[in-house]
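The values are calculated or read from the model by the stated rules, or taken from the named source; none is laboratory data. Here the structure is a predicted model, which is why all the values come from computation and not from measurement. Glycine gets a Cβ as well: all are built from the backbone with ideal geometry, and neighbour counts include every protein chain shown.
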Amino acid sequence: MDLVEGGYKGLALEMLKNFGIDVWSEVKLKTQETEFVGIVLPRSQKADDRHIVLKLRNGYNVGIKVDKILSIELLGQKETKQTTNFKERLHDPSKPTVKLNSTGGTIASRLDYRTGAVVPAFEPEELYEFIPEITNFCNLHTEKLYSVLSEDIGPKEWIGIANAVARDIEAGYHGIVIAHGTDTMHFTSSLLSFMIQNPPIPIVMVGSQRSSDRPASDAPLNLIYSVKTASESDIAEVTVCAVGPVSDSYGLLHRGTRVRKMHSSHRSTFRTIGDIPLALVSKEKITPLRKDYNRRRKDRAFNAKISFEEKVALIYHYPNMKPDVIEALIDNGYKGIVIAGSGLGHVNNQMYPALKKAHEKGIFILMTVQTLWGYVQMYVYETGREIMSLGVVPAENMLPETAYMKLCWTLGQTTNPEQVKEIMLTPIVGEITEREPTNAYLIFQGGIPEIEEFISKLRM
């Protein structure tokens, strides 16, 4: 990549040419105040011409004003990670073999320095090269299933992922890691939990909030923790693994049907809702936090039920919601509706006639709570009782997204109303729990340490 293609122009381009420096050169750059050693990075084509950008040896990027630069010394030329050819690792028979399937998302993305945008780019094996620590745990086989951002994932990809997991279990892998975008990961983890039941090995989903080539990316640690889990854990379930909120020194392992993305940009975005995580994972060990999980087995038996009905909607109730929302779903042939109701599971009375009509048309209607924490309790108020009389079924404490995916999966198998109801209200993979620990959100999930630190600062 030459300097112009790398986004440099004007004063910055002229200075780099004068010192004989190209993009990806390793340099020692001296300014009026200090000196930097790093690699010259490409810049966005829209960036100004007054800065040169270096990636320092500590991983951080720094922009240096041209008018403060005294000299630039060429130290060498670095091969970029984007063009590094994958080299086959020697198989270590003393280590288990884990499969890494990539579907895309930020963890399998890089920054396009010409535009400043994040784009799907890394092959799975490039992640292997980027984070060599994962070779400490296992022999890793990689495969790119898809290269899509998670907002574009859908039934075709979900079924493809489930079929790939089934194939890899039968192939004898010790564990499976699935790289996936974080935005809709909890949808996929829920559906995959229903499609692949009672697996004999860990199936760990992993993503990142920052692309793998960015400073302070959570991708390396998330991948290390997830690969360690797939290699060494006896928790044989579909899970989501991500860094914990208090420190990067550990990650949390969340059950696939009880996890949710809870922050748009924070690295510790995932939380177990209505319960506590399954385990705490560090580079050194895995510490289970619960005992009621499906355990690893030596056999290859599992229950694959891969089905999906697309004509299902997830809607959030809001004040003054109009019945034409439901009418539109009826007119378009929908077979199921999941409502995230207000409070204990309510909607306004304007909706009643439309809900009754939908039920009479054979549409299965499920009620969840938009508070996320807590149970649907439609017996408490007359409102809830009346809504149930219209044919709406309370979903206990299933998360809205989990209920949506379970209903899509259920209706893919049967449309018989009684059978659908029985399946939806029967706990299968932890999606419904008998009780909710009162301190579940605080334990290892970003409550106690941060709160105490915050309060102590206010007291000073």
(Q) Can you pull out every residue in segment 359-408 that is among the aromatic types (Phe, Trp, Tyr) and surrounded by 16 or more Cβ atoms within 10 Å (Cβ to Cβ)? (A) Phe364, Tyr375, Tyr404
Q) So which residues in segment 150-193 are small (Gly, Ala, Ser) and outside any loop (DSSP other than H, G, I, E, B)? A) Ser150, Gly160, Ala162, Ala164, Ala166, Gly175, Ala179, Ser189, Ser190, Ser193
Q) Looking only at segment 360-393, which residues are under 15 Å from Pro417 (Cα atoms) and in a loop (DSSP other than H, G, I, E, B)? A) Lys361, Gly362, Ile363, Leu390, Gly391
Q: Would you tally the residues in segment 1-36 being free of Cβ contacts under 8 Å to residues at least 24 places away in the same chain and under 38 Å from the mean Cα position of the chain (by Cα)?
A: 4
Q) Here are His263, His254: which of them is outside any loop (DSSP other than H, G, I, E, B), farther than 22 Å from Lys95 by Cα and not assigned by TED's automatic domain parsing to the domain that holds Gly374? A) His254
Q: Residues being buried (at least 24 other Cβ atoms within 10 Å of the Cβ) and either at pLDDT 70 or above or not assigned by TED's automatic domain parsing to the domain that holds Ile286 (or both): count how many of those fall in segment 210-220.
A: 2
Q: Please name all residue pairs, on different chains or six or more residues apart, with Cβ atoms under 6 Å, provided the first residue is in segment 353-373 and is assigned by TED's automatic domain parsing to the domain that holds Leu407 and the second residue is among the charged types (D, E, K, R) and surrounded by fewer than 24 Cβ atoms within 10 Å (Cβ to Cβ).
A: Ala354/Glu327
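Look through Thr287, Thr368 and report the one residue that is at pLDDT below 95 and of a type in the set (S, T, N, Q). Let's see the steps before the verdict.
Values: Thr368 fails: at pLDDT below 95.
None of the others qualify; the one that does is Thr287.
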Q: Report yes if some residue within segment 243-260 is charged (D, E, K, R), at pLDDT 95 or above and either loosely packed, with under 14 Cβ neighbours inside 10 Å or in contact with a helix residue (DSSP H, G or I) (Cβ under 7 Å, 6 or more places away or on another chain) (or both); otherwise report no.
A: yes
Q: Enumerate the pairs (first residue in segment 95-111 and within 13 Å of Ser226 (Cβ to Cβ) and not assigned by TED's automatic domain parsing to the domain that holds Ser265; second residue anywhere and modelled with pLDDT under 95 and buried (at least 21 other Cβ atoms within 10 Å of the Cβ)) with beta-carbon separation below 9 Å, excluding pairs fewer than 6 apart on the same chain, so at least 6 apart or on different chains.
A: none
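Kindly provide the set of residues from segment 319-359 that are assigned to a strand (DSSP E or B) and either out of contact with any Gly (no Cβ under 8 Å at 6 or more places or on another chain) or closer than 24 Å to Gln419 by Cα (or both), ordered by number.
Within segment 319-359, Gly336, Ile337, Val338, Ile339, Ala340, Gly341, Ser342 qualify.
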Q: Mind listing just one residue for me: the one in segment 261-298 that is exposed (fewer than 15 other Cβ atoms within 10 Å of the Cβ) and of a type in the set (Ser, Thr, Tyr) and, of those, nearest to Gln370 (Cα to Cα)?
A: Ser264
Q.
For segment 267-282, which positions are of a type in the set (D, E, K, R) and at pLDDT below 90?
A. Arg267
Q. From the set of residues in segment 50-104 that are of a type in the set (Ser, Thr, Tyr) and modelled with pLDDT of 95 or more, which is nearest to Leu16 (Cα to Cα)?
A. Ser71
